[in-house]
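The values are calculated or read from the model by the stated rules, or taken from the named source; none is laboratory data. All values derive from a computational prediction rather than experimental measurement. Ideal geometry is used to build each Cβ from the backbone, glycine not excepted, and the neighbour counts take in all protein chains shown. Note: accessible area is taken over every heavy atom of the protein model, side chains too, but ligands, DNA and RNA are not part of it. Shrake-Rupley method; radii C 1.70, N 1.55, O 1.52, S 1.80 Å.
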Amino acid sequence: IAALAVIAIGIFSFRQVNEKKRGNAARRPNIVFIMSDDHAYQAISAYDTRLTQTPNIDRIAKEGMLFSNACVTNSICAPSRAVILTGKHSHLNGKIDNNFPFDTTNITFPQLLQANGYETAMFGKLHFGNSPKGFDEFKILPDQGDYYNPDFITKKEGRKKIMGYVTDIITDMTLNWLGKERDKEKPFFLAYLHKAPHREWLPAERHFKEFINKKFPEPTTLFDNYDGRGSASKQAEMNLLTHMNWAGDSKIKPENMDKLGIKESHPYDKRNYNYTVGRMNAEQRKVWDATYDKMNEEFIKNYPKMSETDKMKWRYQRYMQDYLGCIASVDEGVGKVLDFLKANGLEENTIVVYTSDQGFYLGEHGWFDKRFIFDESFKTPLLVKWPGVIKPASKNSQMVQNLDFAQTFLEAAGVKPPADMQGESLIPIFKGQGKNFRDAAYYHYYEYPGIHMVKRHYGIVTEKYKLVHFYYDVDEWELYDRANDKNELKNVYNDPKYANIKAEMHKKLAALRVKYKDSETLDKMYIEKYKQLKKG
Ligand code: SGN
Ligand code: CA
């Protein structure tokens, strides 16, 4: 009996130790990082209810925190992702634009989480030109990926085509991993990364049928003529009327363009349409054609009588129908993942983040796309929930950046961040502290000359002002009074009233360039590298 009692006590204490160990491990939070591609905050109802409803994404703000001034360091896809993963500005992680491949000798935070006992997985769009390091599992889209019947690069099965709609497929992969595949003994980091609502904005059948009948309010600056600003705004190729593809983007069939005498906006205009719609199977294509053909009948009939203003208005509506239709699927997917966490007892100990790789123009200044330091592209949506740490329904207006995620997640996981990361942990802000978190954000965009022709620029943004330097084939400075010119329509750089502010902002910008180790030498080096790459 005594021997049995010893064994029993032994088993009991062994179990207790084990449980305790597991308990401790379980106390480290799981992290679900949800990021979509080109999702403008104007198209999330927690921020703005004029365009659409996103009830599921909004749940994250209801249960957590909504950031009204979250921003990026370089408003373009792959560079933003590199900043997020490395916690370093583009000029230091080397991924300055979408052209250069990501340098995999960079240390990324998922590698550190994995080395410290986290189970890690990534599903969806990465856009690096190489596979992610530090992931136990991944299924990623090659390059930009496709909306219908997309290919995936998978860690375990190589490249394969999966039938269906991209947003739904990425959601299913995520749910499957959460429910069946992951190691349930470990805390996890999950990157759930949507392709939508990236161009060419192909919604799922259920949503193109629904959204194509809707009408949306126009932004006040839809007919902007770019007066009051420098050559960068005037020369950018992002205008809905003149630069958006008629077939590829606005879904006017190539044969109808020919019939109406509409010229391609870009040499890829018709080719893009034939490619994206061409990926559909016969059944998908039948529904697509039936819906869009019917909706385009009126446009085709009216086109010869339409003024340029009418065309712009029509193009804006079509753009919003498709763009917001794509977001509807993202919102449904987010809802499913949140429901899963709740139903499986994971809600309490999981940080959920919703963000986009950058902001996006939804017709403001007549534009689509991003790239500029101006608000619609510089700011990005950010909603975070963490039960027990973040007070539900809280709001924050600090200038947090995508640069801050790495240190935030590492701190949450109890892992010491490398000394050369350049962000700040957001945890004090989550806890309701962190006042005066960042008084100025640094920004640097490089991809020029290139698609959309947004000139190279760097700048500094404070709560009240924005100072920008456009360089390479120009040397132009712009200063904006953010408080008094919300739409950033007037460059006041040469207005004597702003002389002191200008001087102060110059000083701050120079100091930030030093702080973040950016310099004219690096600007020149990247111009040289870009020339070499283009030659090659
Ligand atoms: C494609 C798009 C561009 C877009 C870039 C970068 N053209 O080239 O409009 O700016 O991607 O987007 S498309 O006609 O091919 O769709 S990013 O989000 O990857 O940076
Ligand atoms: Ca993007």
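Observations on the model:
- Spin-label model distance (nm) - His266 vs Ala499, 7 Å beyond Cα toward Cβ: 4.5
- Heavy-atom SASA rank of Tyr354, Tyr41 (probe 1.4 Å, accessible area, largest first): Tyr41, Tyr354
- Over the chain, Cα pairs under 8 Å with separation of 6+ residues give a relative contact order of 24 percent.
- Cross-link table Lys95/Lys336; Lys507/Lys534; Lys455/Lys486, entries beyond 30 Å C-alpha to C-alpha: Lys95/Lys336; Lys507/Lys534
- Heavy atoms of Tyr47: accessible area, 1.4 Å probe, square angstrom to 10: 60
- Mean projected area of the convex hull spanned by the Cα atoms of the range 78-164, taken over all viewing directions: 5.8 nm².
- Oblate is the label for the range 321-449, because a/c, from the alpha-carbon gyration tensor with a ≥ b ≥ c as root eigenvalues, is 1.5 or above and a/b does not exceed b/c.
- Against the chain, whose longest principal axis comes from its Cα atoms, helix 166-176 is set at around 0 degrees.
- The order of Leu512, Leu241 by accessible area, most exposed first and with a 1.4 Å probe, is Leu241, Leu512.
- Between Met306 and Ser68, the distance separating the two model label sites (each 7 Å from Cα on the Cα→Cβ line) works out to 3.7 nm.
- Rounded accessible area per residue of the chain, 1.4 Å, Å²: 41
- Comparing Cα centroids, the range 385-409 and the range 352-377 end up 20 angstrom apart.
- With each label modelled as a point 7 angstrom along the Cα→C-beta vector, the Glu463-Asn436 pair spans 1.1 nm.
- Residue list for the range 324-338, given a label point 7 angstrom along the Cα-to-Cβ vector of Glu181 and an amide N cut-off under 19 Å: 333-334, 336-338
- Cα gyration tensor shape for the range 28-71, rounded if a/c is under 1.5, else prolate or oblate: prolate
- The chain - mean residue ellipticity at 222 nm from DSSP helices (-39,500 (n - 2.57) per run, n ≥ 4, rounded to 500): -11500 deg cm²/dmol
- When the surface is traced with a 1.4 Å probe over the full set of protein chains, Val492 keeps roughly 10 Å² accessible.
- Percent of Cα-Cα distances greater than 45 Å, calculated over the chain: 15
- Computing FRET efficiency as 1/(1 + (r/R0)^6) for Asp227 and Asp289, where r is the C-beta to C-beta distance and R0 is 30 Å, gives about 0.10.
- Given their separation in residues at 0.36 nm each and the Cα-Cα distance between them, Arg206 and Asp48 gain 54.5 nm when the chain is fully extended.
- The range 163-290: C-alpha gyration tensor shape, a/c 1.5 cut-off, then a/b vs b/c: oblate
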